[in-house]
Ligand SMILES: Cc1cc2nc3c(=O)[nH]c(=O)nc-3n(C[C@H](O)[C@H](O)[C@H](O)COP(=O)(O)OP(=O)(O)OC[C@H]3O[C@@H](n4cnc5c(N)ncnc54)[C@H](O)[C@@H]3O)c2cc1C
């Protein structure tokens, strides 16, 4: 295997943090692969995004074209195919994000490359890649040993790898102005849409009382609201609760909702999928209440209560009043 | 608009006590059901077909029990169901599954193929987009809205941090559906009973013209797989005692750390 190619992610003129985590993974793997890390930035003005990448990748391939302003896999794919043919990487890494989930399977499918997604650990040995993943809602860990291949495509779970220091390596850049893109299909980016206006800003709360699917139904949400009132706290939720409309979308914590850092995060009936954890794991103190002692939420919580939330909620209210 | 939806039968694990045997989770005592994301996809397909005139086909790959998710799809309004059922498929990876689905689609022409963003069991989020590659179709993942137009659709894709984007795809196309795109209809036992006589097309690997080495472990990119249960109790300090005691302690912690005392 030779070298690691990282595909940078950016949106609305800003490099996305997850790119740096991918570089952390890439630099860790580089010694095992015997070659260097090259980062591909596809953008209208890739130079403007290069700052945070300096010192964190050996090579920087800045590929410029106006049609690369917003992400579009049909524009990315032909450009990447050329870049891959030139660099011949053994491993192609990108975040397991809305972009990576669009791009990675398309790239792997089109080039006939093996694909492993949502990895939390990667090792490379004897010509084959081994990937660590989490399955069954994070309750089971999976180790996949792939068959030997000359090139693999992997996406990385947010938060699983650390961004490298800014002076980890020397970076040499190369600018390439693309004249023509040749998309296979006419997918067209129209516009970005900002999320709906919110009733409250959960990110501003000192204490969050957060409910998951375990709350059971809309009729039980007031139980959490009463506790929140007694604490001067705000009610937030996991995605399924917002999906079915038991609470507004603006209350959702997680990758596709809000990132919060309250002093206290009380998680009630939330299993702790990584998309949820990503939005709350940096809270000051996390207290989780769950019936299931094996719920993944207990891995990020500071304090855990294995209990039925319907017994815990009234009890907490009593204790506060008393 | 003729729409194909891929659905998967998965175990409900959130509250279950999982056990691992031979590197598989023991499904014996687990309740199976339609993958959450696929349920939204079926609902979306039925709505789009109702609005535009057209039919919905549901297709799954799985053991005999997986027929339940097809019946459920029929009860929700699909008119046709296809079941890829063969032990030969065991151990297939997403790329292999995509080729099997493509073979089953053959030269049938759908205007739109819908899949869930991911399945809740393995969470690979790959099969849909890989199928689009085999079929050479334009695609978009993570749809929280689909509007139909003249020979094209506009898909609202959910991105991170409460932002979305709108993209236009020419038809035919493949879209993966994110949870929350709609409110799926309730499926009653009566509803399932009503469709029990509808025939479901059954396909083995052979029927799809797939050889042994094109399906299952042999065709898969995975050489070995190991499953393990993480240690219990790594991470949080678990509060022990009676309900009264642990709640008392929890209130103390909230007061102290939340700056209330
Ligand atoms: C692209 C993408 C983005 C996503 N973004 C987000 C996001 O931003 N935020 C998010 O939260 N999710 C997100 N998800 C969904 C995520 O994968 C999980 O499906 C979701 O977080 C699960 O929510 P939950 O924990 O409430 O439900 P479940 O996983 O169903 O867990 C319910 C929990 O409640 C417990 N429980 C049940 N009853 C009780 C009771 N009476 N007392 C105590 N405990 C009880 C159960 O033991 C279980 O642990 C995303 C998924 C995808 C694919």
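The values are calculated or read from the model by the stated rules, or taken from the named source; none is laboratory data. Treat the numbers as computed from the prediction; the structure is a model and nothing was measured. Cβ placement follows ideal geometry from the backbone for every residue including glycine, while neighbour counts extend to all protein chains displayed.
Below is a table of values for the structure above.
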item	result
Positions within segment B:219-234 being within 7 Å of another protein chain (Cβ to nearest Cβ) and under 19 Å from residue A:115 (Cα atoms), in sequence order	B:221, B:222, B:223, B:224, B:225, B:226, B:227
Segment A:53-81, residues that are under 18 Å from residue A:168 (Cβ atoms) and surrounded by fewer than 17 Cβ atoms within 10 Å (Cβ to Cβ)	A:54, A:55
Odd one out for residue B:163, checked against (1) more than 21 Å from the chain's Cα centre (by Cα); (2) more than 15 Å from the ligand (Cβ to nearest atom)	(2)
Residues located in segment A:84-104, provided they are part of a helix (DSSP H, G or I) and under 20 Å from residue B:174 (Cα atoms)	A:98, A:99, A:100, A:101, A:102, A:103, A:104
One residue from A:288, A:278, A:267 being more than 8 Å from chain B (Cβ to nearest Cβ) and crowded, with 24+ Cβ neighbours inside 10 Å	A:267
Segment B:136-158, residues that are under 28 Å from residue A:113 (Cα atoms), away from the ligand (no atom under 16 Å from the Cβ) and surrounded by 17 or more Cβ atoms within 10 Å (Cβ to Cβ)	B:137, B:138
Every residue from segment B:69-128 that is more than 14 Å from chain A (Cβ to nearest Cβ) and within 16 Å of the ligand (Cβ to nearest atom)	B:114
Qualifying positions in segment A:108-132 - over 19 Å from residue A:3 (Cβ atoms), facing another protein chain (nearest Cβ under 8 Å) and without any contact (Cβ under 8 Å) to a residue 24 or more places away in the chain	A:109
Yes/no for residue A:248 being out of contact with any helix residue (DSSP H, G or I) (no Cβ under 8 Å at 6 or more places or on another chain) and within 13 Å of chain B (Cβ to nearest Cβ)	no
Any hit, segment A:165-186, residues being under 24 Å from residue A:274 (Cα atoms), out of contact with any helix residue (DSSP H, G or I) (no Cβ under 6 Å at 6 or more places or on another chain), within 12 Å of chain B (Cβ to nearest Cβ) and in a loop (DSSP other than H, G, I, E, B)	no
Residue in segment B:145-159 that is in contact with a helix residue (DSSP H, G or I) (Cβ under 6 Å, 6 or more places away or on another chain) and either within 26 Å of residue A:275 (Cβ to Cβ) or at pLDDT below 95 (or both) present	yes
Residue selected from segment A:187-206 under the condition more than 7 Å from chain B (Cβ to nearest Cβ) and surrounded by fewer than 16 Cβ atoms within 10 Å (Cβ to Cβ), by the criterion modelled with the highest pLDDT	A:204
Odd one out for residue B:136 among (1) touching a residue at least 24 places away in the same chain (Cβ under 8 Å); (2) within 14 Å of chain A (Cβ to nearest Cβ)	(1)
Residues of segment B:98-116 that turn out to be crowded, with 24+ Cβ neighbours inside 10 Å and either in contact with a helix residue (DSSP H, G or I) (Cβ under 6 Å, 6 or more places away or on another chain) or more than 22 Å from residue B:201 (Cβ to Cβ) (or both), as a count	5
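Rundown of residues vs (1) within 14 Å of chain A (Cβ to nearest Cβ); (2) in contact (Cβ under 8 Å) with a residue 24 or more places away in the chain; (3) assigned to a strand (DSSP E or B), yes/no style:
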site: B:164; (1), (2), (3): yes, no, yes
site: B:174; (1), (2), (3): yes, yes, yes
site: B:182; (1), (2), (3): yes, yes, no
site: B:190; (1), (2), (3): no, no, no
site: B:197; (1), (2), (3): no, no, no
site: B:202; (1), (2), (3): no, yes, yes
site: B:210; (1), (2), (3): no, yes, no
site: B:213; (1), (2), (3): yes, no, no
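Residues are listed down the side, and each one gets a yes or a no for (1) over 22 Å from the mean Cα position of the chain (by Cα); (2) touching a residue at least 60 places away in the same chain (Cβ under 8 Å); (3) within 16 Å of the ligand (Cβ to nearest atom); (4) part of a loop (DSSP other than H, G, I, E, B):
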site: A:47; (1), (2), (3), (4): yes, yes, no, no
site: A:63; (1), (2), (3), (4): yes, yes, no, no
site: A:70; (1), (2), (3), (4): no, yes, no, yes
site: A:82; (1), (2), (3), (4): yes, no, no, no
site: A:106; (1), (2), (3), (4): no, no, no, no
